[in-house]
Amino acid sequence: MLKRFWESAWLRLLLKPLGWGYGSAMALRRRLYDQGYLDSHRFSQPVISVGNLTVGGTGKTPVVSAILDLLPPEFRPALVLARGYGASFVHERVELNDEGHLLRSRHPNHLHVQGADRVAAALRVVGDPPPAVIVLDDGAQHLQIQRDVEILLFDARSLLKPRGILPAGPWRESLAAARGADALVLTRTDRVDASALSKIEAELSELAPEVPVFRCRHVARDLVPLALGPKDRPRHLSELAKRRVGLVSGIADPNSFADLVQQLGASVSWHESFPDHYLYHRDDLDRILAHAEVDPVDEILVTEKDRAKLAALGGAATGFSVLRIDIDFGDDGARFASLLEQSLKEAKRERT
């Protein structure tokens, strides 16, 4: 796996020249788009781009969910536009990938579209009412679409590690790309000590003094059944205290899921971890249930991202519980909401 290359000091050194070449090409590509030498599409609606400069999970999906919650009434409904990495599948008569189904289940009043050609996918949408804003999910490198609000996410822990550019590290672009953003959001800030976090913020402020920096963290919300019926009610997180649980996840950072469950007072007996965006099969469910037979637990917890894929298997999977997770901006919440609203209103004025 590439991550093993990145964790090896001598391989990082060996691959560094390739990383320089890739990083230079990406920087040139960005400049060509910025200066208009490469064509990009401008939509009639304001566009919010949410993305990151590294591969792997930084928390884009819960941040997109938080942004949809924060949209002022005049910018609803939104069109959530994504590439749709991983396998797409039909759930409740709609075809999306796992992240798309997660967002659609949370935000059914917004429009959700995915496609390799995102411009074409968006232009095919006919909404009633039509979308008032476009949220470009994982849009940092998708420069074929012009954006009015560029939000870059960084897992705070990633800024404390070597910053090799592909293939010498997990970075898609140099940190210098942050200068072109409208907001920099540090995720999982509770996983970094205060002094290190202050140093990170100081570095970002020096690099991009005009770009505000926001802190946020992942917080558990509640527990719901995998197959949530109209009469089902969310369960309080306190019910996990002192319970032995098994975990099932197909996400980029499975350790973060396990850590969060343990913080809630549960004891993790085992964790069946699958690759990010993994599409489960019946054999996988059999494997999970066999593990539960050998090592019985009080409850099997899954991520919200895996919910629709596991629900499609039916049977015993419907007895699993889903730990729903939100993004908490804490003291930065009001400031982030204000930046979002003001930027969208300015973009709307420019179009009228």
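The values are calculated or read from the model by the stated rules, or taken from the named source; none is laboratory data. Note that this is a predicted model, so its numbers are computed, not measured. We place every Cβ from the backbone using ideal geometry, glycine too, and count neighbours over all the protein chains shown. Calculation scope for accessible area: heavy atoms of the full protein, side chains included, ligands and nucleic acids excluded. Shrake-Rupley method; radii C 1.70, N 1.55, O 1.52, S 1.80 Å.
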Filtering segment 241-258 down to residues that are in contact (Cβ under 8 Å) with a residue 40 or more places away in the chain and more than 16 Å from the chain's Cα centre (by Cα) yields Arg243, Arg244, Val245, Gly246, Leu247, Val248
Looking at (1) in contact with a strand residue (DSSP E or B) (Cβ under 8 Å, 6 or more places away or on another chain); (2) exposed (fewer than 14 other Cβ atoms within 10 Å of the Cβ), can you tell me which one Leu184 breaks?
(2)
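In segment 138-154, how many are closer than 17 Å to Ile327 by Cβ, open to solvent by 10 Å² or more (accessible area, probe 1.4 Å) and outside any loop (DSSP other than H, G, I, E, B)?
The number of residues fulfilling the criteria is 0.
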I'm trying to understand the selection: among the residues of segment 67-92, which are of a type in the set (A, V, I, L, M, F, W, C) and farther than 13 Å from Ile48 by Cα?
Ala87, Phe89, Val90
Residue list for segment 206-226, filter: open to solvent by 40 Å² or more (accessible area, probe 1.4 Å), over 13 Å from Gly330 (Cβ atoms) and touching a strand residue (DSSP E or B) at 6+ places or on another chain (Cβ under 7 Å)
Arg221
Cβ contacts < 8 Å: first residue aromatic (Phe, Trp, Tyr), restricted to segment 170-182; second residue open to solvent by less than 10 Å² (accessible area, probe 1.4 Å) and in a loop (DSSP other than H, G, I, E, B), any location; separation 6+ or different chain. Result?
Trp171/Leu53
Return only the number of the condition from (1) among the hydroxyl-bearing types (Ser, Thr, Tyr); (2) in contact (Cβ under 8 Å) with a residue 60 or more places away in the chain; (3) open to solvent by 50 Å² or more (accessible area, probe 1.4 Å) that Tyr37 does not satisfy.
(2)
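One line per residue, one yes/no per condition, for (1) within 20 Å of the chain's Cα centre (by Cα); (2) within 17 Å of Ala227 (Cα to Cα); (3) in contact (Cβ under 8 Å) with a residue 60 or more places away in the chain:
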| site | (1), (2), (3) |
| --- | --- |
| Ala290 | no, no, no |
| Phe320 | no, yes, yes |
| Gly333 | yes, no, no |
| Ala337 | yes, no, yes |
Taking the condition charged (D, E, K, R), farther than 20 Å from Arg221 by Cβ and in contact with a His (Cβ under 9 Å, 6 or more places away or on another chain), does Glu92 pass?
yes
Do any residues in segment 81-104 that are without any contact (Cβ under 8 Å) to a residue 60 or more places away in the chain and on the phi > 0 side of the Ramachandran plot have Cβ atoms under 7 Å from those of residues that are crowded, with 18+ Cβ neighbours inside 10 Å and not β-branched (Val, Ile, Thr), where the two are at least six apart or on different chains, and which pairs are they?
Gly84/Leu96; Gly84/Asn97; Gly84/Gly100; Gly84/Gln114
Which pairs have Cβ atoms under 7 Å, sit 6 or more apart or on different chains, and link a residue in segment 203-227 that is over 30 Å from Phe320 (Cα atoms) and in contact (Cβ under 8 Å) with a residue 24 or more places away in the chain to one that is hydroxyl-bearing (Ser, Thr, Tyr) and surrounded by 15 or more Cβ atoms within 10 Å (Cβ to Cβ)?
Arg215/Thr189
At pLDDT 95 or above and more than 18 Å from Ala183 (Cα to Cα): which single residue out of Ser49, Ser40 fits that description?
Ser40
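Looking at Arg83, Arg29 in this structure, which one is among the basic types (Lys, Arg), closer than 30 Å to Pro275 by Cβ and touching a Lys or Arg at 6+ places or on another chain (Cβ under 9 Å)?
Of Arg83, Arg29, the one residue that is among the basic types (Lys, Arg), closer than 30 Å to Pro275 by Cβ and touching a Lys or Arg at 6+ places or on another chain (Cβ under 9 Å) is Arg83.
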Find all pairs meeting these conditions: Cβ atoms under 7 angstrom apart; at least six residues apart or on different chains; first residue within segment 132-145 and over 17 Å from Val55 (Cα atoms) and in contact (Cβ under 8 Å) with a residue 12 or more places away in the chain; second residue assigned to a strand (DSSP E or B) and open to solvent by 20 Å² or more (accessible area, probe 1.4 Å).
Gln144/His41; Ile145/His41
Determine, yes or no, whether Val113 is among the β-branched types (Val, Ile, Thr) and touching a Leu at 6+ places or on another chain (Cβ under 6 Å).
yes
Taking the criterion of being surrounded by fewer than 18 Cβ atoms within 10 Å (Cβ to Cβ) and part of a loop (DSSP other than H, G, I, E, B), would at least one residue in segment 188-205 satisfy it?
yes
